[in-house]
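Structure, as structure tokens:
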Amino acid sequence: MRGAARGPTLDLFCCEGLHMSLNRRRFLAGTAALTLLPNATLSAPAILRAGPVTAQILPDSKNTTQLWGFNGSTPGPELRARVGETLTVRFENGIGSGSAIHWHGVRIENGMDGVPGMTQPLVEPGQGFDYSFRLPDAGTFWYHSHHRSWEQVERGLYGALIVEEATPPAVDHDITVILDDWRIDRDGTLVEDFGNRRDFSHAGRLGTFARIIPSQDTVRRGDRVRLRVINTATARVFPLEITGLTGKVVAPDGMPLETLRDIDRTFLAPAQRIDLIGDVADTVKFIFPTGQDPYELGDIVADGNNPKPIETPILPLPPARVTPPSATPDHRLTLRLQGGAMGGMHGGDDIWSFNDVSGMSDTPWQRFSRGDTVRITLINDTSFPHGIHLHGHHFHEVEEDGSLGALRDTTLLMRQQTRDVVCVFDNLGKWLLHCHMLEHQAAGMKTWVEVV
Ligand SMILES: [Cu+2]
């Protein structure tokens with residue numbers, strides 16, 4: 001679907017280590033005992049409290065997993081608001097480690113971005129932080145810890161943030177589908193080998209078990225559904241096939257497409273999202289295609305028929321109000337992704353680097369004047385895929401024919417792949433630019449820019 005899908009080398013990494021697939025009947029038996037569906041609320045709760053939770057990740061209800069979550073569940077509660085509204089949430093830290101919340105994909109005011117040491121102080125155990133910010137864009141976003149995220153996100157500190165359009169498209173169901181993997185033993189015990197050098201220097205922490213967590217698990221044939229798929233994994237790129245649905249992709253990373261795309265196989269890097277609108281023909285299956293038997297990530301069961309299907313065409317969502325880039329960029333830059341196992345030499349002092357620099361420097365990689373149009377050539381000079389995320393902005397991926405493609409906040413580069421992106425830096429402040437394979441971020445693949 002995306003240009004990235006043509007990359008030939010992904011399967012080498014994406015299938016690695018997955019050893020259990022989901023069985024539908026066992027899954028249902030398990031969830032009857034302990035619900036896994038995120039608690040959707042019509043409006044956001046005033047408090048998100050991080051703390052330990054017992055989660056039913058494996059289908060067998062006897063085998064639970066000790067994780068962290070918000071307000072007693074992982075994923076945390078789904079936050080829902082309407083475009084233009086202000087979201088106000090108090091974060092309370094009930095884990096034994098500092099933390100903070102990043103609101104991924106929201107073109108947010110800098111002080112609310114949730115990056116400890118850069119936009120706010122670290123929230124110590126027992127302490128809290130008040131977040132309040134306007135939601136400028138409708139779309140599918142998510143929130144997650146941004147401190148020791150390679151451990152805290154993996155332990156479950158994340159949830160969906162859904163911003164509804166002023167007039168949402170007509171659908172029978174609006175369903176959020178979290179997609180994640182976990183490194184757990186066959187009895188559900190979390191493998192607590194966080195921070196090991198092999199994960200940091202290779203593809204990141206890949207789980208042993210992967211599944212979807214849908215906000216709703218039945219629909220009817222003939223229903224029109226909107227699916228909001230969010231890859232919350234710390235490192236796994238999911239190739240994804242969705243069957244049982246006839247429809248269109250309407251938005252990657254929360255940003256509406258002008259021209260809708262067909263639903264076929266797609267890739268989702270960590271942190272990427274995709275919105276689909278389609279009509280249910282049969283049970284909607286989420287499949288991780290592999291070289292051998294496809295790995296079943298789970299499904300949404302079609303039960304019964306909708307006597308009055310919606311028959312209007314599926315149309316593009318209202319466009320986001322973003323500043324269009326100028327025809328001639330104010331800056332042309334190159335960002336070379338370097339390091340890792342089986343990588344070449346580089347000048348950084350950690351496992352990974354950008355342009356021969358590992359991790360945060362005292363001064364920003366670049367300083368832009370507000371409104372600058374910047375074209376960046378991303379060159380993946382490593383043996384692994386990377387999902388590169390810019391805070392506070394969306395950027396256009398440049399298509400192979402040179403045209404401006406979809407707006408994204410995270411772009412997937414297969415190994416040895418190059419892609420240009422074009423961004424209008426119109427949001428004041430200090431913004432991280434980093435790999436969303438969270439182990440790569442921790443081991444050097446991050447930098448920052450400043451908009452003044
Ligand atoms: Cu990476």
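Of Arg375, Arg370, Arg415, Arg419, which residue is closer than 16 Å to Pro329 by Cβ and within 16 Å of the ligand (Cβ to nearest atom)?
Checking each option against the conditions leaves just Arg419.
So, Ala443, is that one within 12 Å of the ligand (Cβ to nearest atom) and small (Gly, Ala, Ser) or not?
When the stated conditions are applied, Ala443 passes them.
Please go through the range 378-393 and give me each residue that is surrounded by fewer than 23 Cβ atoms within 10 Å (Cβ to Cβ) and away from the ligand (no atom under 16 Å from the Cβ), ordered by number.
Result: His393, single match.
Given the criteria open to solvent by 50 Å² or more (accessible area, probe 1.4 Å), over 16 Å from Thr418 (Cα atoms) and either in a loop (DSSP other than H, G, I, E, B) or touching a helix residue (DSSP H, G or I) at 6+ places or on another chain (Cβ under 8 Å) (or both), does Pro324 qualify?
It is true that Pro324 is open to solvent by 50 Å² or more (accessible area, probe 1.4 Å), over 16 Å from Thr418 (Cα atoms) and either in a loop (DSSP other than H, G, I, E, B) or touching a helix residue (DSSP H, G or I) at 6+ places or on another chain (Cβ under 8 Å) (or both).
Where the second residue is in a strand (DSSP E or B) and among the hydroxyl-bearing types (Ser, Thr, Tyr) and the first is farther than 15 Å from Gln216 by Cα and open to solvent by less than 100 Å² (accessible area, probe 1.4 Å) and lies in the range 283-308, which pairs have Cβ atoms under 6 Å and are six or more apart or on separate chains?
Phe288/Tyr295
Select from the range 328-355 the residues that are over 19 Å from Lys430 (Cβ atoms), out of contact with any helix residue (DSSP H, G or I) (no Cβ under 6 Å at 6 or more places or on another chain) and within 16 Å of the ligand (Cβ to nearest atom) and list them in ascending order.
Hits for the range 328-355 are Arg336, Leu337, Gln338, Gly339, Met342, Gly343, Gly344, His346, Gly348, Asp350, Ser353.
Within the range 53-62, is there a residue that is closer than 14 Å to Phe133 by Cα, modelled with pLDDT of 95 or more and touching a strand residue (DSSP E or B) at 6+ places or on another chain (Cβ under 8 Å)?
no
From Leu240, Leu268, Leu257, grab the single residue that is in contact (Cβ under 8 Å) with a residue 12 or more places away in the chain and open to solvent by 10 Å² or more (accessible area, probe 1.4 Å).
Of Leu240, Leu268, Leu257, the one residue that is in contact (Cβ under 8 Å) with a residue 12 or more places away in the chain and open to solvent by 10 Å² or more (accessible area, probe 1.4 Å) is Leu257.
Being of a type in the set (Lys, Arg) and over 15 Å from the mean Cα position of the chain (by Cα) is the filter here; which residues of the range 225-284 pass it?
Selection gives Arg226, Lys248, Arg261, Arg265.
Can you tell me which of Asp181, Asp172, Asp187 is surrounded by fewer than 24 Cβ atoms within 10 Å (Cβ to Cβ), touching a residue at least 60 places away in the same chain (Cβ under 8 Å) and either under 18 Å from the mean Cα position of the chain (by Cα) or within 16 Å of Ala55 (Cβ to Cβ) (or both)?
Step by step, each of Asp181, Asp172, Asp187 is checked, and only Asp187 is surrounded by fewer than 24 Cβ atoms within 10 Å (Cβ to Cβ), touching a residue at least 60 places away in the same chain (Cβ under 8 Å) and either under 18 Å from the mean Cα position of the chain (by Cα) or within 16 Å of Ala55 (Cβ to Cβ) (or both).
Scanning for something closer than 24 Å to Val177 by Cβ, in contact with a Gly (Cβ under 9 Å, 6 or more places away or on another chain) and either in a strand (DSSP E or B) or aromatic (Phe, Trp, Tyr) (or both), does the range 107-129 turn up at least one residue?
no
Which of (1) farther than 16 Å from Pro75 by Cα; (2) open to solvent by 10 Å² or more (accessible area, probe 1.4 Å); (3) small (Gly, Ala, Ser) does Ser215 not meet, given it meets every other one?
Status for Ser215: all satisfied but (1).
The values are calculated or read from the model by the stated rules, or taken from the named source; none is laboratory data. What you see is a predicted model; the values in this text were computed from it and never measured. Using ideal geometry, Cβ is built from the backbone for each residue, glycine included, and neighbour counts are taken over all protein chains shown. Side chains are part of the model used for accessible areas, which takes the heavy atoms of the whole protein and leaves out ligands, DNA and RNA. Shrake-Rupley method; radii C 1.70, N 1.55, O 1.52, S 1.80 Å.
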